[in-house]
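Student: Sharing a structure, written as structure tokens. Questions coming.
Bear in mind these aren't lab numbers, they're just calculated from the coordinates by the rules spelled out. Computed from a prediction, not measured in an experiment: that's the story for all the values here. Cβ sites come from the backbone with ideal geometry, for glycine too, and all protein chains shown count toward neighbours.
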Amino acid sequence: MRFLFVHGTGVRRERHDRLFALVRGRLTARFPEARVDSCYWGDRFGATLGAGGRSVPGLRPAAGAAPDAVDEETAEWALLLADPLCELRVLAEAGWADGGPDPDGPGGGDDDAFAMPGVQPAGVRVLALLAGLPPAPPHPGDELGALLHGTGLAAGSPPP
């Protein structure tokens, strides 16, 4: 009598060898004349860990493997998916209570430490433009005044 042992899809070589030894032992104990063979197909046709198994959570990359730029970007997006407010928490922990640059920082408050040196954040530019607006509704003869008066918004502006 002949038996053929075929393993399942999730079995690797080490586990297969233990299972096959158990199956062969039990079958030959019950059928002493039996021939028990194995059909291990996992190495040749089974799934393998591509990229050193980097897609498996908790599996450490191979020693000496340099981090990939794509992996770093994926990790950043994964962090934002897990905690959408992560970047805001980092800024809050940087000690910027008002959200602006640290006046005691290396740039003396001129530069944003999280941006390019010398580049003002969009919010600072918008505040500067708003500060440049006249304090009272402009006269209807001005271009801005004509627009405000034409839309009816001038009445809602505070007097000088």
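Student: Please list, by residue number, everything in the range 36-58 whose backbone N is under 17 Å from a paramagnetic label point 7 Å out along Cα→Cβ of R2.
Tutor: Backbone N within reach: 36-40.
Student: Convert each backbone phi in the range 25-42 into a coupling constant with the Karplus relation 6.51 cos²θ - 1.76 cosθ + 1.60 (shift: θ = phi - 60°), then list the ³J(HN,Hα) values in order as whole Hz, x for Gly and Pro.
Tutor: Taking θ as phi minus 60°, the curve returns x, 5, 5, 6, 5, 7, 10, x, 8, 6, 10, 10, 10, 10, 10, 7, 10, x Hz for the range 25-42.
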